[in-house]
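Enquirer: Okay, here's the structure, questions in a sec.
The values are calculated or read from the model by the stated rules, or taken from the named source; none is laboratory data. Predicted model only: the values in this text are computed from it and were never measured. Positions of Cβ are generated from backbone atoms using ideal geometry, with glycine treated the same way; all protein chains shown enter the neighbour counts.
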Amino acid sequence: MNKHVVTLLLLVGIIAVLGASFFVGGLRQDPGAGDEAFGGTDAQVTEMLDEGGARPWFGPVVELGSSELESGLFAAQAGLGGIVLGYCVGRLQGRRRVEASSATAEPAESPAR
């Protein structure tokens with residue numbers, strides 16, 4: 001099969017999966033819920049614990065002003081983690097290449113005196 005055909009089929013598959021997820025998400029969304037329809041389980045558990053009368057053991061160290069700032073900090077943390085992981089994987093791959101090339105290289109002959 002041609003590389004271009006495979007790439008095109010993969011792109012069509014990705015678009016189909018994304019489209020289906022938005023369609024299913026749109027069917028399940030409550031019209032009055034707004035952005036909270038896609039909320040995570042953390043918010044649901046927090047509501048359940050508040051209803052049950054549970055109190056938190058400790059509070060946050062820093063209160064962030066908005067959810068956008070919190071989301072931005074999370075994205076920065078994920079990006080930094082990806083950079084560190086990529087650096088470590090690159091170093092390990094480079095180390096293996098050097099070890100493989102030094103193991104296959106013939107030892108240098110010492111000059112005869």
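Enquirer: Condition first: more than 24 Å from the chain's Cα centre (by Cα) and at pLDDT 85 or above. Can you find one or more residues in the range 82-94 that meet it?
Expert: Checked against the condition, which is being more than 24 Å from the chain's Cα centre (by Cα) and at pLDDT 85 or above, the range 82-94 yields at least one hit.
Enquirer: If you don't mind, there's one more thing I want to ask. So, in the range 51-87, exactly how many residues are surrounded by 10 or more Cβ atoms within 10 Å (Cβ to Cβ) and among the hydroxyl-bearing types (Ser, Thr, Tyr)?
Expert: Counting residues in the range 51-87 that are surrounded by 10 or more Cβ atoms within 10 Å (Cβ to Cβ) and among the hydroxyl-bearing types (Ser, Thr, Tyr) gives 2.
Enquirer: Now for a separate question. Which pairs turn up if I take residues in the range 60-74 that are assigned to a helix (DSSP H, G or I) and look for partners that are surrounded by 10 or more Cβ atoms within 10 Å (Cβ to Cβ) and not β-branched (Val, Ile, Thr) with beta carbon separation below 8 Å, at least 6 apart in sequence or on another chain?
Expert: GLU70/LEU64; LEU73/LEU64
This table checks each residue for (1) part of a helix (DSSP H, G or I); (2) at pLDDT 85 or above; (3) of a type in the set (Lys, Arg).
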site	(1), (2), (3)
VAL5	yes, yes, no
VAL17	yes, yes, no
VAL24	yes, no, no
ALA37	yes, no, no
ALA43	yes, no, no
TRP57	no, yes, no
